[in-house]
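Contents: one structure, followed by commentary.
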Amino acid sequence: MATEPREAENAIGLEEIPTERQEPPKGQKTFTVEEAVETIGFGRFHIMLYLIMGSTGVAEAMEIMLIAVVSPLIRCEWQLQDWQVALVTTMVFFGYMVFSIVLGLLADRYGRWKILLLSFLWASYFSLLTSFAPSYIWFVFLRAMVGGGVSGHAQGLIIKTEFLPTKYRGYLLPLSQVFWLAGSLLIIGLASVVIPTIGWRWLIRIASIPGILLILVFKFIPESARYNVSTGNGAAALATLQRIAKMNRAAVPEGVLREPAKEGRGRFKDLVHPKYLRTTLQIWIIWLGIAFAYYGVILTSTELLERDLVCGAAAAPPWQPGSASEETHSPCHCHLLGAAAYRTMIISTAGEIALNPLNILSINVLGRRLSMCITMGCTALFFLLLNICTSSTGTIGFLFMLRALVSANFNTIYIYTAEVYPTTMRALGMGTSGSLCRVGAMVAPFISQVLMNASFTGALCLFSSVCAVCAISALTLPIETRGRALQ
């Protein structure tokens, strides 16, 4: 019987969770889920899996990016101060942080598929309610609930990871960024059309449609076979593998599926066990820093566009009746985003796919650690370059590169985290990492929307410093997961 590679485990001295092994009858052929996945290979099932689970990124991007385009309108409608606008984004990620740990724990205990379905139902329900929010307080509360539901969307990535053969993970998982990009561009495009005509409340209702549609197609995706064997449900795992083999026109290995059930699934203490502690802490630092930088870039872009802060230019003068302007203005004379601003947001957002081919090549040739170190270091550099006095075109170029780099960082850390933890704690590992990620996202609005008004250079230097720390942490991670079979 083939055995999984042990070199990577030795790098951090991973301990096997004690299990009661039942030896098969002498001479009987056996196989594991890992061997079955590798034998079946890539085929039609994986294409369907990639399209459906990848599309969860469209729904997530639309819900998260929604705040960036709606903030100027609620600022005006409810006469909000800077800190109140920043609090909206912070509370979305607070909900994400709290529920991410809980849903990750539940996914390791009760299944990835069930939690994924629950999270989409939850997010869609509260997203629709948000469009009827009668006040600022209700809006903040309901968006926090949406953030809680969106936190469970990470289970889609875990299901993809656990079904993909080893050699395809480094290529297909980064390509999932295409779906996030599509969602981001879709919400910006919709905002430019819907907001001036029927308002931001209808934008929120339309943005919830992709999540509702995805709920209807989840039935075509089975529960993870790796999860099923970890709970001792070998029959369900075998049925799933046979279904995949049939769709791919392949065959499962000969023999009996034999893999011991794991005890103690989804335990937080396993993440901070001395054997995992260093890896876990460094992953948490990287997740926090990447989210801080990513949402910092998004919100900084909005602030630059909303206030017209290019090369120290003064904010646009108050709107006067009859003045010619491409921007739209509210009855309370707020300076809102117009067609030119939306075009700039689309251009900078498109940067998220610009480095994708290079990122895929890098993580498969240089490895996850070195690739992440390079992109984080470049992110730190471009934050500093944003201080340079330049034209509007130059600023857009810097924002374009920043979006490309922070997107590459997210690609790599998602893959690394899903690969470094074993099945019994993979969802919890992703959940806790996602929670720390949202801590960074919660802080970012106050730097981009509050501190930046007091010190533009200070805010950018803070973003740059955090990215530099993450680059060092990535380089010193104790294990490289490139080419390693899932545990």
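The values are calculated or read from the model by the stated rules, or taken from the named source; none is laboratory data. Source: prediction; values computed, not measured. FYI the Cβ positions are ideal-geometry reconstructions off the backbone, even for glycines, and counts take in every protein chain you see. Just the protein is used for accessible areas: all its heavy atoms, side chains included, with ligands, DNA and RNA removed. Shrake-Rupley method; radii C 1.70, N 1.55, O 1.52, S 1.80 Å.
Just to verify a result, which residue in region 74-112, among those that are of a type in the set (Asp, Glu) and more than 30 Å from Ala225 (Cα to Cα), is most open to solvent (accessible area, probe 1.4 Å)?
Filtering region 74-112 for residues of a type in the set (Asp, Glu) gives 77, 82, 108.
Subset that is more than 30 Å from Ala225 (Cα to Cα): 77, 82.
Details: Glu77: 91, Asp82: 46 Å².
Among those that are of a type in the set (Asp, Glu) and more than 30 Å from Ala225 (Cα to Cα), it is Glu77.
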Practice problem: Just give me the residues in region 41-55 being open to solvent by 10 Å² or more (accessible area, probe 1.4 Å) and in a helix (DSSP H, G or I), in sequence order. | Solution: Arg44, Ile47, Met48, Tyr50, Leu51, Ile52
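Criterion first (farther than 30 Å from Met425 by Cα, open to solvent by 30 Å² or more (accessible area, probe 1.4 Å) and modelled with pLDDT of 90 or more) does Ile198 satisfy it? Outline the logic, then answer.
On the way: farther than 30 Å from Met425 by Cα: yes; open to solvent by 30 Å² or more (accessible area, probe 1.4 Å): yes; modelled with pLDDT of 90 or more: yes.
The answer is yes for Ile198.
Residue check: is Arg258 more than 30 Å from the chain's Cα centre (by Cα) and charged (D, E, K, R)? Steps first, please.
Details: more than 30 Å from the chain's Cα centre (by Cα): yes; charged (D, E, K, R): yes.
In short, yes.
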Quiz item: So which residues in region 368-396 are open to solvent by 30 Å² or more (accessible area, probe 1.4 Å) and over 22 Å from the mean Cα position of the chain (by Cα)?
Solution: Leu381, Leu384, Leu385, Asn387, Ile388, Cys389, Thr390, Ser391, Ser392, Thr393, Ile396
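Listed here are the residues, each with its yes/no results for (1) open to solvent by 10 Å² or more (accessible area, probe 1.4 Å); (2) over 14 Å from Thr56 (Cα atoms); (3) in the same structural domain as Val70 (by the TED database); (4) not aliphatic (A, V, I, L, M).
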{"residue": "Lys114", "(1), (2), (3), (4)": "yes, yes, yes, yes"}
{"residue": "Leu118", "(1), (2), (3), (4)": "yes, no, yes, no"}
{"residue": "Ala123", "(1), (2), (3), (4)": "no, no, yes, no"}
{"residue": "Ser135", "(1), (2), (3), (4)": "yes, yes, yes, yes"}
{"residue": "Ser151", "(1), (2), (3), (4)": "no, no, yes, yes"}
{"residue": "Gly156", "(1), (2), (3), (4)": "no, no, yes, yes"}
{"residue": "Ile159", "(1), (2), (3), (4)": "no, no, yes, no"}
{"residue": "Leu175", "(1), (2), (3), (4)": "yes, no, yes, no"}
{"residue": "Ser184", "(1), (2), (3), (4)": "no, no, yes, yes"}
Exercise. Tell me, yes or no, whether region 63-85 has at least one residue that is aliphatic (A, V, I, L, M), over 30 Å from Tyr342 (Cα atoms) and part of a helix (DSSP H, G or I).
Key: no
Self-check item: Residue in region 235-247 that is among the charged types (D, E, K, R) and under 27 Å from Gly434 (Cβ atoms) present
Solution: no
